[in-house]
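Reading through the structure tokens given below for one structure.
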Amino acid sequence: MNNNQTPQDINTQLHNMTSGHIKKPEQKQLKPTELTPFHIVILLSIFAIIILLIITLAQIFRKNPYGEQIKINNLSQYYKDFPDNTKDSILNTLYNIVSINNPDTKIPKSGAKIREGSTTRSYNKNTGVYVDNFIIDIDSLQQSYVFQVTWSPNQDNLNLENVSYPVLATCPTQEQLTYTPFDCKDNSSSNGIYNDIVFSFLPINISYYENNYSIYVAYDIVAQVKYDKLTIVINDRTGGNHNAALNKLKEQGIKLEDYTIIYNDLSAEQTPSRAPSDATF
């Protein structure tokens, strides 16, 4: 302190200090960080990666409702339109037939693939039912299996109710073998016939009057299996309806040359039918 300062000088300095004449350092106000388009893209990318990761983990740890399964690596490549329950059934059916033929072998969890060039598809526009056929190869086991899948995009399609085996796995024929032949068992080859497309719309029952109720028309078309042979049977109860029944089959998309068709004229056994009471003549 300067010894030459008078009491008045000292009072003046104290007054200046208490009066705010000494400038305080200014504090800078922080502005909120603004999101640039670049930042937004980064955040959206991170969010998308998280969602994709969650979906992937859910698929990995998801359990097949039908039981154990073998993953078919390229199933979605060939059949993106299969409903989830159809895919699950295929994977479980593959596991089951592989287990039958490899009782003492560790069953692989994946590695199966649809053979290129083995896929075929048919579609009945009248019933809305698809039938897909393909061959699955498993390199690790050196085995192949044949699949037939009957399905519809409409899960409530009533035409599927008569399909006994929507997903059917059988052993390959000699011509379908790629690997060394093995003692293949499928426990269902004899049942494959029950999965034929005709079961999706048969039986058909026709009954009506024509020509002002003076003529009664009645016939049935059914599918019968005997000794593992499928036959379409036309039971004509009033006679003269053979061609009409064949045309009805064609309307369903059936190729008549692919089936044995039996025609039964039952008109002689038919009791004459009376016209309805409200008929006018």
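With the full set of protein chains in place, find how many percent of the accessible area of the stretch 79-202 is carbon and sulfur; take the probe as 1.4 Å.
In the stretch 79-202, the share of accessible area belonging to carbon and sulfur is 46 percent.
Kindly flag which residue pairs out of Lys229/Lys250; Lys87/Lys125; Lys63/Lys113; Lys80/Lys125; Lys80/Lys185 have an alpha-carbon separation exceeding 27 Å in this structure.
Lys80/Lys185
At 1.4 Å probe size, with every protein chain present, just tell me what the per residue accessible area of the stretch 116-221 comes to in Å².
About 51 Å² of surface per residue is accessible.
Taking the stretch 80-175, how much of its Cα-Cα pair set, in percent, is spaced more than 20 angstrom apart?
For the stretch 80-175, the share of Cα pairs beyond 20 Å comes to 39 percent.
Which order do the peptides 129-135, 81-87 come out in when sorted by mean C-beta neighbours inside 10 angstrom, highest first?
Averaged packing, sorted descending, gives the order 129-135, 81-87.
Can you tell me which of 173-179, 261-267 comes out highest on packing, and rank the rest after it, using the mean Cβ neighbours within 10 Å?
261-267, 173-179
The values are calculated or read from the model by the stated rules, or taken from the named source; none is laboratory data. Given the structure is predicted, the values throughout are model-derived calculations rather than measurements. For neighbour counting, all protein chains shown are included, and Cβ atoms are generated from backbone atoms with ideal geometry for every residue, glycine included. Ligands, DNA and RNA are excluded from the accessible area calculation, which covers all protein heavy atoms including side chains. Shrake-Rupley method; radii C 1.70, N 1.55, O 1.52, S 1.80 Å.
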